[in-house]
1. Can you tell me how much longer the chain between Ile167 and Leu357 gets when fully stretched, taken as 0.36 nm per residue apart minus their C-alpha distance, in nm with one decimal?
2. Starting from the Cα coordinates of the range 1-100, work out the convex hull volume and express it per residue in Å³.
3. Taking Cα pairs under 8 Å and at least six residues apart, what relative contact order does the range 292-402 come out at, in percent?
4. Among Val40, Ala378, Leu74, whose Cα lies farthest out toward the positive end of the dipole of the chain, if unit charges sit on the beta carbon of Lys, Arg (+1) and Asp, Glu (-1)?
5. Once you charge only the Cβ atoms, +1 for Lys and Arg and -1 for Asp and Glu, what is the size of the charge dipole of the range 199-267 about its Cα centre, to the nearest 20 debye?
6. Taking the dipole about the Cα centre of the chain, with the C-beta of Lys and Arg at +1 and of Asp and Glu at -1, give me whichever of Thr273, Pro356, Gly183 is farthest to the positive side.
7. Mind sorting Asp314, Asp346 by how few other Cβ atoms lie within 10 Å of their own Cβ, fewest first?
8. Roughly speaking, what is the centre-to-centre gap between the range 258-274 and the range 116-155 when only Cα atoms are used, to the nearest Å?
Amino acid sequence: MTEPVRILVVGGGYVGMYTALHLQRRLKDRLRSGTAEITVVTPDPYMTYQPFLPEAAAGNISPRHVVVPLRRVLDQCHILIGEAKAVDHAKRTATVATLATEEADAVPVEIRYDELVIAPGSVSRTLPVPGLADHGIGFKTVEEAIGLRNHVIEQMDIASSTRDPAIRDAALTFVFVGGGYAGVEALGELEDMARYTSRYYRNIKPEDLKWVLVEATDRILPEVGEDMGRYTVRELRSRNIDVRLETRLESCEDRVAVLSDGTRLPTRTVVWTAGVKPAPVLAATDLPRNERGRLVCTPYLTVDGVEHAWAAGDAAAVPDVTAAESGKECAPNAQHAVRQAKALADNLVAALEGRPLEQYAHRYAGSVASLGLHKGVAHVYGRKLKGYPAWFMHRAYHLSRVPTFNRKARVLAEWTLAGLFKREIVSLGSLEHPRAEFELAAGPPPSSDPKDMAEGGTADGAPKSD
């Protein structure tokens, strides 16, 4: 019997999921007959649609509707929950640390493959800023988005309940580092949410909240163009958001954000969105990488100079064949990712069937960004939009891009209900520590010492009756 073709997809993000989905459709007959196998290695059993994270943080979308369950979508693939630690392409093997490996403290699993699709995505790019590791909050996962929402509301609770003006000011000061999509959209949505939430606090007014955006370059949102970037700065400043351009975060030790312009901001919230870098697994492969750590690829989405290896998305440096100047690469964004995934799957199937490959080519259409409810900016096909039209285009575009009809319908239903009812302003911070109350209840019993009992307690911990 002929051995099946083993396809390994490293990464279950946007590129990984869509590539596996297209392969699943194109190789349907071979999967059923057992002449092909697709294994997807991913640290999470779901794909996160990251453009919706700001709305999830603001409470406009339920967290479970921002993610797509991989086992449901990729029902013909083998989903292996784990983290790829190394890839030896010369031997066609990948080393994977699974959940079972961590529990049993056993040796990582070794997976053999014939074709490799490596799309592990990216991770937050951090700098050696003192205090950042201890106090910083990222914004790349749904857990971070919901954790940040809970944190912001919790800070408002702290400010409302304290009589110490220093604690109150620090709690109501929110510093965002990074003026790209993630930072600006997260700041815009959360400021909108917090301003609305403040009406339910008797001693907190919207002007008491201090929002600071720190950007090292001379403009924000470079993807939407210089004009729309300047408009965004004006829009944010009109909402009393302090935008600091050409400024860096020097330190955030002892809960004090020290900026390069000398400003010191006591704060309990530092959100780090200052760029991304390729996933660490790329450094543990024998595949060629460029100076920024991304895989060197061809326009056919193959790894340059290597057979049976494919890559796309944030981890891949794919030449932009539509660019006027040579040497330009495709931007690592969702617009390219979804198209690269389909092109990669088509080329991989063509290679298996002995057909010629096709180059990936997509002319950049433009960008859209949300700045909060009914506010946004867009630069699409040379046309510039701002305010409500840009916000509506942002929602329409991402609704069309979010995977599966199930998620599209649920997100649309939530947006409709949000227009009919008031915002949810509840913080469920206990979700991050679900065992805290039980651990307290199951802890050591109260002292049975007669001296302690005489001071107002009984052996079973109940108060002594008079």
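Every number here is computed from the coordinates shown, using simple stated rules; none is lab data. In this text the structure is predicted, and so the values were computed from the model without any measurement. Counting neighbours? That spans all protein chains shown, and the Cβs are built from the backbone with ideal geometry, glycine included.
1. Values: separation 190, 0.36 × 190 = 68.40 nm, distance 6.16 nm.
Additional length available on full extension: 62.2 nm.
2. 124
3. Working: 164 pairs, mean separation 19.4, N = 111.
Value for the range 292-402: 17 percent.
4. Among Val40, Ala378, Leu74, the one farthest towards the positive end of the dipole of the chain is Ala378.
5. Dipole size: approximately 500 debye.
6. Farthest towards the positive end: Pro356.
7. On the way: Asp314 24, Asp346 18.
Exposure proxy ranking, most exposed first: Asp346, Asp314.
8. 16
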